[in-house]
1. With every protein chain left in place, what is the accessible area per residue of the range 77-224 in square angstrom, probe 1.4 Å?
2. Using unit Cβ charges (K, R positive; D, E negative) and no other charged atoms, how large, in debye to the nearest 20, is the dipole of the range 79-224 about its Cα centre?
3. How long, wide and thick is the range 67-119, going by the Cα atoms along their three principal axes, in whole angstroms, largest first?
4. With +1 on each Lys and Arg Cβ and -1 on each Asp and Glu Cβ, how big is the dipole of the range 1-96 about its Cα centre, in debye rounded to the nearest 20?
5. Under a 5 Å amide H to amide H cut-off, with H placed in plane at 1.01 Å, what residues pair with F167 once short-range neighbours are removed?
6. Around L21, which amide H atoms from residues at least 5 apart in sequence, or from another chain, sit under 5 Å from its own amide H, with H modelled in the peptide plane?
7. Separation of the range 1-27 and the range 62-141 by C-alpha centroid, Å?
8. Calculate what fraction, in whole %, of the accessible area of the chain sits on carbon and sulfur atoms when a 1.4 Å probe is rolled over the protein chains.
Amino acid sequence: MIKPFITYLKNPKYVYSPVSLNFPRSVAFIGISLWVYLIFIVISSIFVILPIYLLDLIPTKITKVYPLTFNILILVPLYEELIFRLPLRFSYRNLFIAIATLVVLLMNRSFNLYISLGSGLLIAYIPFTKILHTDILNKIQNYYFKYYKAIFYSLILIFGLGHLFNFDNLNFVHLLISPLILINQVFMGFLLSYARVNYKHGLLYCFIIHAFINFIFLAPKNLF
């Protein structure tokens, strides 16, 4: 898995025929992915996180301690995968579902849940209507495949940087070195994006791996 993973990340391309895994191989892939992520965590902690921590360049105040709840273990992985991984395989349905999920999250900060969900459902329904002209849809598709590499990297970077909101007392220096502070989250984005694009049912793999990662890192804080 390691060699194909690294090779793909050097030059990500749209995969038209993703690999199909049977159940035992699916379980093995999820397990290997988790081990790869944990090994990367150890290496990055020694060579990246520790040095910038010793230089006092890491935000020290976490916004809050997250409990092991349905929201953290299920909902957070679900909406993050819908936003950042679902559109990596192109269809207008996938694209508008991702946009709808983002809209629901943003609107829910200012409006009640029913208005937010209603707005999201309307957006998700657009591909099933004829609101958008065929020429517009064709342009969207052409741009998508033309700039796929940029889309791939951008979604990963935004996913990683979005975790800055987990910290308080951010300053300009923190923002400058944020890719280093969030190197583990960025790597997680690469790992999940690779799974999404290259494997059939990749979105399900992404969700399961994401949920397990959340559990692994939050369980000790809740148990001790």
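1. Working: 8270 Å² over 148 residues.
Per-residue accessible area for the range 77-224 comes out at 56 Å².
2. Magnitude of the dipole: close to 420 debye.
3. Reported extents, whole Å, longest axis first: 33, 26, 12.
4. Details: 9 positive and 3 negative charges, 66 e Å.
Computed about the Cα centre, the dipole is about 320 debye.
5. For F167, whose amide H was placed from the backbone, the distant partners under 5 Å are T63.
6. Under 5 Å from the amide H of L21 lie the amide H atoms of K200, each far enough along the sequence or on another chain.
7. If you average the Cα positions of each part, the centres end up 25 Å apart.
8. The C+S portion of the solvent-accessible surface of the chain is 71 percent.
The values are calculated or read from the model by the stated rules, or taken from the named source; none is laboratory data. Keep in mind it's a predicted model, so treat the numbers as computed, not measured. Glycine also receives a Cβ, built like all others from the backbone with ideal geometry; neighbour counts cover every protein chain displayed. All accessible areas refer to the heavy atoms of the entire protein, side chains included, with ligands and DNA or RNA removed. Shrake-Rupley method; radii C 1.70, N 1.55, O 1.52, S 1.80 Å.
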